[in-house]
Amino acid sequence: MSMVVAEQWEVVNVIQEGHRGFAGQPVPSPLQKYALSLMFRFCQQKSIPKDISAFQAAAAYIATRDPLSYPNRVAKEEFAEQFAVRAASLEWHLKQIVSALEFMVLRDDEHFPYYMDPRGAVWRLTQALVEAEVTEMVTGALAGQGGKSKAEIIADITAKIVSKVNAVPVQLAASFKDLLAALVEVEFDRARPYIRFCGILAM
């Protein structure tokens, strides 16, 4: 058996073991499938974790903490106990998954985390809105027309995602706005040569 095939079999075994590990756990089937997909994505990008149980628990913790699950006040310690793993091990694997898969983290007023998948529809919509708004602002300015400021773009997109699409609870709006501001900054950096060229100052 080649090294590549052997590695693929290891990933298959992880997913199968993860599936068996959900037996008897109060995690809805769609979220189980999502957690398994996170495990699969991680194993493809990184390596096979040694503690599969803690790895699975961390993936399940992320899967059950979509922003729309607010208010979700289940602590990591409680979740770790539910999966019979050490809280420190769950925390370590959680950080590994979030970092490797580039999840965004929202926080509520009690600092509980909610995870936004970069491959998810909400974040992709947010990225598309940011790109469209910044492009419209730059092209409008190049054509001698007025445009929105950075603050106006952030406020408008936040309102669309929170109030119109209802994809993020209003209680997490401030945290989402911080993530959005960072994304807008990245898009502005890409357009900065044109921004300087056309003398847009109200940024």
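Sequence-ordered 3J(HN,Hα) estimates for region 149-157 from the Karplus curve with 6.51, -1.76 and 1.60 and θ = phi - 60° stand at 7, 4, 4, 5, 4, 4, 5, 5, 5 Hz, glycine and proline given as x.
One Cα centroid belongs to region 78-128, the other to region 154-171; the line between them spans 20 Å. Charging the Cβ of each Asp and Glu at -1 and of each Lys and Arg at +1, and nothing else, the dipole of region 121-197 about its Cα centre rounds to 20 debye.
Relative to the dominant Cα principal axis of the chain, helix 121-142 is inclined by about 20°.
The gain in end-to-end length when the SER47 to ALA75 segment is fully stretched comes to 7.4 nm, 0.36 nm per residue minus the alpha carbon separation. Exposed loop sites are taken as GluC sites (Glu not before Pro) in a DSSP loop (any state but H, G, I, E or B) with at most 16 other beta carbon atoms within 10 Å; the longest stretch of the chain without one runs 1-101. Using alpha carbons only, how many degrees (0 to 90, rounded to 10) separate the axis of helix 52-63 from the longest principal axis of the chain? So the inclination is approximately 40 degrees.
Quick note: the coordinates plus some simple rules give every number you see, no bench work behind them. What you see is a predicted model, and the numbers here were worked out from it, not measured in a lab. Neighbour counts run over all protein chains shown; Cβ positions are idealised from the backbone, glycine included.
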